[in-house]
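A short write-up of the structure that comes next.
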Amino acid sequence: MRILAALLMSVALASPAVAETVLIQNGRVVTNGAAGIIENGDVLIVDGRITAVGANIAAPRGARVIDAQGRFVTPGGFAAMSEIGLSEISGSGAPNDASVEGDLISAAADAGRAFDPSVTAIAVTRMEGVTRAAIAPSSNRLFGGRGALVSLGGEADSVFGERTFMVVDLGETGANRVGGSRAAVWPAFEAALRDAREYPSRYRNGQGGAVLNEIDAQALQPFARGEGTFLVHVESAADIRRLIAFARANPRLKFVIHGGAEAWQVADELARSRIPVIIDPLSNLPDRFERLSARLDNAAILARAGVRFAIAPGPGSVDAHQARLVLQLAGNAVANGLPWDVAFAAVTRAPADIFGVGNRLGRLERNYLADVVIWDGDPLEVQSAPTVVFIEGVEQPLVSRQTRLRDRYHPDRLRELSSRTAQ
Amino acid sequence: MRLGQWTAMAAALLLAACATTSTDTPADEPRVPFASTYTPAPSTPTLIRNATVLDGNGGEFANYDVLMRDGRIVAIGANLSAEGATVIDATGRFVTPGIIDAHSHLGAYPSPGIQATSDGNEATQPNTAEVWVEHSVWPHDPGFARAVAGGITTLHILPGSANLFGGRGVTLRPVLGARTVQEMKFPDAPYSLKMACGENPSRVYGGRNSSPATGMGNVAGYRQAFANAARYARRQERAEAGEGDPPDRDLEMETLAGVLRGEILLQWHCYRADEMAVAIDIAREFDFEISAFHHAVEAYKIADLLAEEEICAAMWADWWGFKIEAYDGIRENIPFVHAAGGCAIVHSDSEVGIQRLNQEAAKALADGRRAGLEISRGEAWTWLSRNPARALGIEDETGTLTAGLRADVVIWSADPLTSYAVAERVFMDGAEIYERGRGHVSDFELGQTYREGAQ
């Protein structure tokens with residue numbers, strides 16, 4: 001334990017506390033903006049922000065200059081759905097703040113207030129080029145709770161979007177939580193919205209909520225008024241159509257779908273509804289009845305229809321440790337017909353846009369926060385890895401508990417250990 | 001080697017069984033229960049030309065040809081010719097042996113995953129060595145066709161890991177459209193026994209206030225069971241030698257005695273290095289072999305020991321942290337086991353992961369290289385075919401592109417150790433079982449509304 005603490009301390013000390021002025025030169029700069037991909041491009045970082053992107057930018061006095069040697073220079077990855085920071089170890093009876101059980105709290109659960117920037121998964125994840133995440137709690141009720149947006153810089157103030165979205169299950173899982181039938185899901189959801197809108201009066205006059213307790217009604221109220229986004233777990237075409245109809249009837253409310261394995265079937269309706277979808281490009285098995293038509297080219301079909309979407313693990317696959325794999329997911333979407341730039345945007349710009357921070361994250365453009373990654377290859381290729389990672393202009397050490405274990409048991413060192421055991 | 005041993009053992013067992021019935025006519029020989037009825041699909045002689053070939057044995061060859069005939073590899077080399085063979089121009093493509101997944105639950109935990117189909121673990125008592133997972137395999141699992149699209153030509157189905165002894169595992173061919181599991185059984189492949197270390201058995205049974213509830217309870221459970229099995233095996237041997245009656249048939253003991261005799265290969269779910277070392281001592285105490293540790297998240301900590309003991313490690317590329325025994329997972333686990341001279345295997349344990357094991361090997365290869373190891377693409381492919389074949393006792397039948405072996409071959413659109421490569425054509429015993437864009441539709445999926453609409 002003391003060794004671990006010392007190790008973490010040394011990692012913390014290794015990271016520069018302040019943002020530098022840095023000029024990255026000669027990169028294959030993926031701007032995610034109007035400029036597209038700039039060959040032999042430069043990116044200037046000052047005080048944690050990007051101040052210039054283009055060709056032949058002059059280095060300011062005192063700037064550190066990094067020659068990218070023609071390699072990819074990109075915005076940091078944004079895990080559009082994760083439980084990172086909500087547990088050090090998910091199972092084994094270890095503390096797990098991702099999962100809320102019991103009757104006290106559901107909609108009121110607040111992921112941002114459970115997030116711990118010091119969990120080891122954060123260093124593991126950012127050194128693979130993912131710098132931001134949307135994190136969501138889950139409960140065993142209709143509402144999972146309130147999600148947050150976090151930086152993976154490991155700083156005390158990593159939560160940059162609190163109570164940004166409300167998780168609600170309106171598919172198979174939701175049905176199981178309200179008596180086992182979809183016939184109960186929508187009435188329960190509508191009753192919860194009424195409870196929230198009529199908070200606090202119906203609770204003060206003794207009437208109480210129809211389905212929500214006072215704490216949950218209070219938490220749901222801003223979302224029921226259209227002040228936050230509902231992140232809705234639905235997979236089947238039928239459930240997606242019901243959501244589209246509900247959204248049309250309730251134009252003030254904001255929705256994003258998480259799941260959407262059968263979204264391809266209703267791609268045109270989704271495009272018209274402007275409801276964005278967070279999809280998992282590996283979902284291709286009829287493993288649930290709500291995913292019977294799941295297919296690998298879901299993303300490609302949605303892109304052709306003009307649906308806004310991001311890429312992340314699907315409901316049931318979201319975890320606290322593998323947010324780094326969103327880039328592999330995007331690469332697999334490319335293997336199944338999605339254009340590269342759309343796939344890359346789906347794990348960088350699209351999540352930022354969906355969660356309302358697309359004006360400062362997800363692009364390499366002037367005034368954007370300087371989450372910038374230099375790669376040793378194509379970032380959507382499984383063999384590639386970052387060589388340099390900046391979060392808000394601060395270079396991150398490419399060190400984690402995993403790299404420390406790697407170094408301790410490296411084959412060269414194992415030979416020494418082996419000879420010692422033999423003596 | 002192991003397959004040869006197994007065949008000899010099986011023959012000896014049959015003879016012994018005949019002796020007890022005192023009839024020697026072949027017609028009266030007891031039928032092997034649930035015998036394989038697998039027959040290779042019809043094939044034509046096929047010459048794949050001008051590909052980059054990873055032979056599964058560590059080699060990589062540019063502009064090479066692969067010739068298959070009568071279901072077997074005839075030759076690989078430059079400028080092969082074969083009269084009458086179907087010629088496939090594979091210029092720009094890669095050709096490899098079919099991938100072998102040493103750890104799958106397809107069919108036993110099929111899609112759709114509902115209560116009634118969750119058939120993979122007889123978690124009713126800590127020792128269920130008597131169950132055979134093949135009796136839970138549903139041949140119509142839509143996952144089999146997806147696995148083939150990922151280049152899988154052989155897969156080992158294991159029961160779950162809630163028990164100390166989970167039961168017998170079975171090596172299958174992904175025969176799409178098979179009506180019975182017998183049609184899928186890899187001919188003459190040895191059975192395996194699934195055992196489990198660590199927190200799964202102690203959590204499941206300890207949670208029911210029964211043994212094992214601890215690591216020491218686990219070890220006591222293994223040792224007592226093998227002590228009992230040794231006694232059973234001795235009584236069997238004495239009866240075979242004409243000394244006394246054989247023991248009453250006991251399905252649990254038959255499986256454990258099979259492990260002691262080396263006929264049944266032990267596949268042991270074990271995450272932690274210290275627990276693997278204890279397992280190795282148990283194997284020494286009762287004189288049996290461990291074929292592979294599965295998951296083996298800490299194999300890198302004892303890579304030297306595993307190499308010395310010639311025990312394979314079947315691993316994920318980068319899974320970690322989902323429980324405390326997986327906390328020390330590192331991305332270099334597979335390459336470190338390889339670098340120590342050990343038998344490293346990339347396994348899936350997942351109906352999703354089995355569809356792209358090549359990408360998992362690619363990650364492990366890249367991470368190993370970044371850690372300073374020199375590993376070739378050809379060597380990395382041994383993790384996907386030759387080494388799992390070894391752990392399953394079928395390396396004399398498949399796993400490498402060696403003349404005489406079964407022609408299990410995949411043509412990839414590009415270097416398969418990348419994200420964008422896809423399997424274009426898959427051959428099993430020389431017969432094409434998959435071509436990209438023409439996937440098999442399982443019985444379960446046939447006639448579903450979306451499919452009918454799409455057609």
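The values are calculated or read from the model by the stated rules, or taken from the named source; none is laboratory data. The shown structure was predicted, so the numbers you read here are calculated from the model rather than taken from an experiment. Here the Cβ positions follow ideal geometry from the backbone for every residue, glycine too, while neighbour counts run over all protein chains shown. Ligands, DNA and RNA are stripped out before the accessible areas are found, and what is left, the full protein with its side chains, is counted by its heavy atoms. Shrake-Rupley method; radii C 1.70, N 1.55, O 1.52, S 1.80 Å.
Name the residue from B:Gly215, B:Tyr38, B:His105 whose Cα lies farthest towards the positive end of the charge dipole of chain B, charges +1 on Cβ of Lys and Arg and -1 on Cβ of Asp and Glu.
Result: B:His105.
Between segment B:103-134 and segment A:82-132, how far is it from one alpha carbon centroid to the other, in angstrom?
31
How big is the shadow of the Cα convex hull of chain B, averaged over all directions, in nm²?
Reported value for the Cα convex hull: 23.3 nm².
Over both sides of the B-A contact, add up the buried accessible area with a 1.4 Å probe and give it to the nearest 100 Å².
Chains B and A together bury roughly 4300 Å² of accessible area.
Pop out a list of residues from segment B:112-158 that are at least 30 Å² less accessible with all the protein chains around than in their chain alone; 1.4 Å probe, no ligands or nucleic acids counted.
The answer is B:Pro112, B:Arg146 - residues whose exposure falls by at least 30 Å² when every protein chain is included.
Counting only DSSP beta bridges with both residues in the protein assembly as shown, what percent are antiparallel, rounded to the nearest 5?
55
For the protein assembly as shown, compute the orientation-averaged projected area of the C-alpha convex hull (one quarter of its surface), in nm².
It is 40.5 nm².
Per residue of chain A, what 222 nm ellipticity follows from adding -39500 (n - 2.57) for every DSSP H run with n ≥ 4, rounded to the nearest 500?
-8500 deg cm²/dmol
Quick check on chain A: what are the equivalent-ellipsoid semi-axes from the Cα gyration tensor, as sqrt(5λ), descending, whole Å? Mind showing how you got there, number by number?
Values: eigenvalues 283, 134, 93 Å².
Over the Cα atoms of chain A, the ellipsoid semi-axes are 38, 26, 22 Å.
Angle check, please: helix A:237-249 long axis (alpha carbons) against the longest principal axis of chain A (alpha carbons), in degrees 0 to 90, nearest 10.
70
Rounded to the nearest percent, how much of the accessible area of segment B:344-455 (1.4 Å probe, protein heavy atoms only) is carbon and sulfur?
On segment B:344-455, the fraction of accessible area on carbon and sulfur atoms equals 44 percent.
Sort the following peptides by mean Cβ neighbour count (other Cβ atoms within 10 Å, averaged over residues), highest first: A:196-206, A:119-129.
Ranking, from highest mean packing down: A:119-129, A:196-206.
Taking Cα centroids, how far is segment A:380-395 from segment B:258-317 in Å?
Cα centroid to Cα centroid, the span is 37 Å.
Ignoring ligands, DNA and RNA, please state the percent of accessible area on segment B:291-339 from carbon and sulfur, probe 1.4 Å.
50
Over segment A:77-357, calculate the relative contact order: mean separation of alpha carbon pairs under 8 Å at least 6 apart, over the residue count, as a percent.
Details: 631 pairs, mean separation 48.8, N = 281.
After rounding, I find 17 percent.
Counting only DSSP beta bridges with both residues in segment B:106-224, what percent are antiparallel, rounded to the nearest 5?
80
Looking only at other chains, what is the average number of their beta-carbon atoms within 10 angstrom of each beta-carbon in B:57-70?
0
For segment B:98-200, what is the accessible area per residue in Å², given a 1.4 Å probe and the full set of protein chains?
I get 24 Å² per residue for this part.
Report, largest value first, the span of the C-alpha coordinates of segment B:374-414 along each principal axis, in whole Å.
Over segment B:374-414, Cα extents along the principal axes are 27, 23, 15 Å.
Can you tell me the relative contact order of chain B? Whole percent, Cα pairs under 8 Å, sequence separation 6 or more.
Contact order relative to length: 20 percent.
Any chance you could give the angle, 0 to 90 degrees and rounded to 10, that helix A:214-224 forms with the longest Cα principal axis of chain A?
Taking Cα atoms only, the helix is inclined about 80 degrees.
Calculate the dipole size of the protein assembly as shown relative to its Cα centre from +1 charges on Lys and Arg beta carbons and -1 charges on Asp and Glu beta carbons; express the result in debye to the nearest 20. Can you show the working numbers first?
Working: 81 positive and 106 negative charges, 530 e Å.
With Lys and Arg at +1 and Asp and Glu at -1, about 2540 debye.
Only bridges with both residues in segment A:77-357 count here: give the DSSP antiparallel percent, nearest 5.
Taking every DSSP beta bridge with both residues in segment A:77-357, the antiparallel ones total about 30 percent.
If the cut-off is a Cα-Cα distance under 24 Å, which lysines reach B:Lys194, setting aside same-chain residues fewer than 8 apart in sequence?
Straight-line reach from B:Lys194, under 24 Å: B:Lys185, B:Lys301, B:Lys323.
Helix A:2-14 against the longest principal axis of chain A: what's the angle in degrees, Cα atoms only, rounded to the nearest 10?
70
How large a share of the accessible area of segment A:77-357, in percent, is made up of carbon and sulfur atoms when the probe is 1.4 Å and the other protein chains stay in place? Could you put the intermediate results ahead of the total?
Values: 4350 of 9410 Å².
In segment A:77-357, the share of accessible area belonging to carbon and sulfur is 46 percent.
Which order, highest average first, do B:34-45, A:256-267 follow once you tally other Cβ atoms within 10 Å for each residue and take the mean per peptide?
Listed from highest to lowest mean packing, they are A:256-267, B:34-45.
Roughly how crowded by other chains is peptide B:295-308, in terms of the mean Cβ count from those chains within 10 Å of each of its Cβ atoms?
Averaged over the peptide's residues, the number is 3.
Going by Cα centres, segment A:245-305 and segment A:137-199 are how many Å apart?
18
Where a ≥ b ≥ c are the square roots of the eigenvalues of the C-alpha gyration tensor, would you call segment A:250-387 rounded, which needs a/c under 1.5, or, failing that, prolate if a/b is larger than b/c, or oblate?
Note, shape of segment A:250-387 comes out oblate.
Nearest 500 deg cm²/dmol is fine: what mean residue ellipticity at 222 nm does chain B get from its DSSP H runs of n ≥ 4 alone, each adding -39,500 (n - 2.57), divided by its residue count?
Value at 222 nm, helices only, nearest 500: -8500 deg cm²/dmol.
Taking each residue in A:87-96, count the Cβ atoms of any other chain within 10 Å of its Cβ, then average. What number comes out?
That works out to 4 on average.
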